[in-house]
1. Given the residues Ala179, Ala211, Ala159, Ala186, which is the only one that is farther than 16 Å from Leu102 by Cα and touching a helix residue (DSSP H, G or I) at 6+ places or on another chain (Cβ under 8 Å)?
2. What single numbered condition from (1) more than 11 Å from the ligand (Cβ to nearest atom); (2) of a type in the set (Ser, Thr, Tyr); (3) closer than 24 Å to Asp23 by Cβ fails to hold for Ser196?
3. Considering only residues that are free of Cβ contacts under 8 Å to residues at least 24 places away in the same chain and surrounded by 13 or more Cβ atoms within 10 Å (Cβ to Cβ), look in the stretch 143-192 and name the one that is farthest from the chain's Cα centre (by Cα).
4. Go through the stretch 228-261 residue by residue and tally those that are within 16 Å of the ligand (Cβ to nearest atom) and part of a helix (DSSP H, G or I).
5. Only one of these is of a type outside the set (Gly, Ala, Ser), open to solvent by 80 Å² or more (accessible area, probe 1.4 Å) and part of a loop (DSSP other than H, G, I, E, B): Pro54, Pro79. Name it.
6. Collect the residues in the stretch 18-44 that are exposed (fewer than 12 other Cβ atoms within 10 Å of the Cβ) and not in a helix (DSSP H, G or I), keeping them in residue-number order.
7. Within the stretch 95-133, which residues are more than 15 Å from the chain's Cα centre (by Cα), away from the ligand (no atom under 16 Å from the Cβ) and open to solvent by less than 50 Å² (accessible area, probe 1.4 Å)?
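The values are calculated or read from the model by the stated rules, or taken from the named source; none is laboratory data. Predicted, not measured: the structure shown is a model, and the values here were computed from it. Here the Cβ positions follow ideal geometry from the backbone for every residue, glycine too, while neighbour counts run over all protein chains shown. To get the accessible areas, we keep the full protein, side chains included, count just its heavy atoms, and leave off ligands, DNA and RNA. Shrake-Rupley method; radii C 1.70, N 1.55, O 1.52, S 1.80 Å.
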Amino acid sequence: MTSRRKLIAGNWKMNASLAGNEDLLRGLIAGLNALKAEVGQEALPEILVCPPAPYWSQVGALLESSGIVQGAQDVSEHPKGAYTSELSVSMLQDFKLEHVILGHSECRRDQFQTDNLITRKVATVFQAGLIPVVCVGETQQEREQGQTQAVIKRQVLSALSLLPMDFDRVVMAYEPVWAIGTGLTATPPMAQEVHSLIRGLLASRTHHAHALRILYGGSMNASNAQTLLAQPDIDGGLIGSAALSSSDFLSIISAAVARNP
Ligand code: PEP
């Protein structure tokens, strides 16, 4: 039995609107209040939503006193300056955002973010006192060629390499690239195998590895969440599509409640 509290995180990606956010969050908060009345606050997982930056102010106001926190989808490695389109950690802090997704496969793919850049971003976020949510995962081709373990090892050790030894503030997310937005999901044993590898890699850098959360991401939904979350090293989910519907997201949250210690 582990004492890690589950974390259910929604990555909204580039899906949001003022009206849609309001509907989604009002539904989510109402459902969460009902769940809280049923199972008690203590049994609930931690809940995080990561909207696009233009909505931080609106989402912050809607989430007030809800117990749900919001995070960012990425951040610059630089503190400020001539970096058109980028966001800095101090901007996140202005809006009371603590968690930052880093190394998402869509950023690696579409913005050509390299392991080295992600490593520097992880260090920047950590040094600012925020919590990096570091995504790693193999492509379909890498899995077929038997390179999964090597890819995960390279990405994880690189991402952690500028952190001080014994760090106690990072969330990892295993997101097999072939499972993101495709409807394909790693089987629970397949995911557990990689999560256990990641836990071992964390342990090579910190004595707090047993207390750090490792999320699974990749087409997690209402029907597969329970079995994935039952695995010993799966401490929550990073959810894309299913985080855009309050009822789907609530079903995953409920699955996390059922599995809480
Ligand atoms: C993601 O993009 O982090 C993700 C897991 O997406 P989806 O749930 O849609 O596969």
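1. None of the others qualify; the one that does is Ala186.
2. (3)
3. Gln147
4. Result for the stretch 228-261: 16.
5. None of the others qualify; the one that does is Pro79.
6. Across the stretch 18-44, the qualifying residue is only Gly40.
7. Within the stretch 95-133, Asp115, Leu117, Thr119, Lys121, Ala123, Thr124, Phe126, Ala128, Gly129 meet the criteria.
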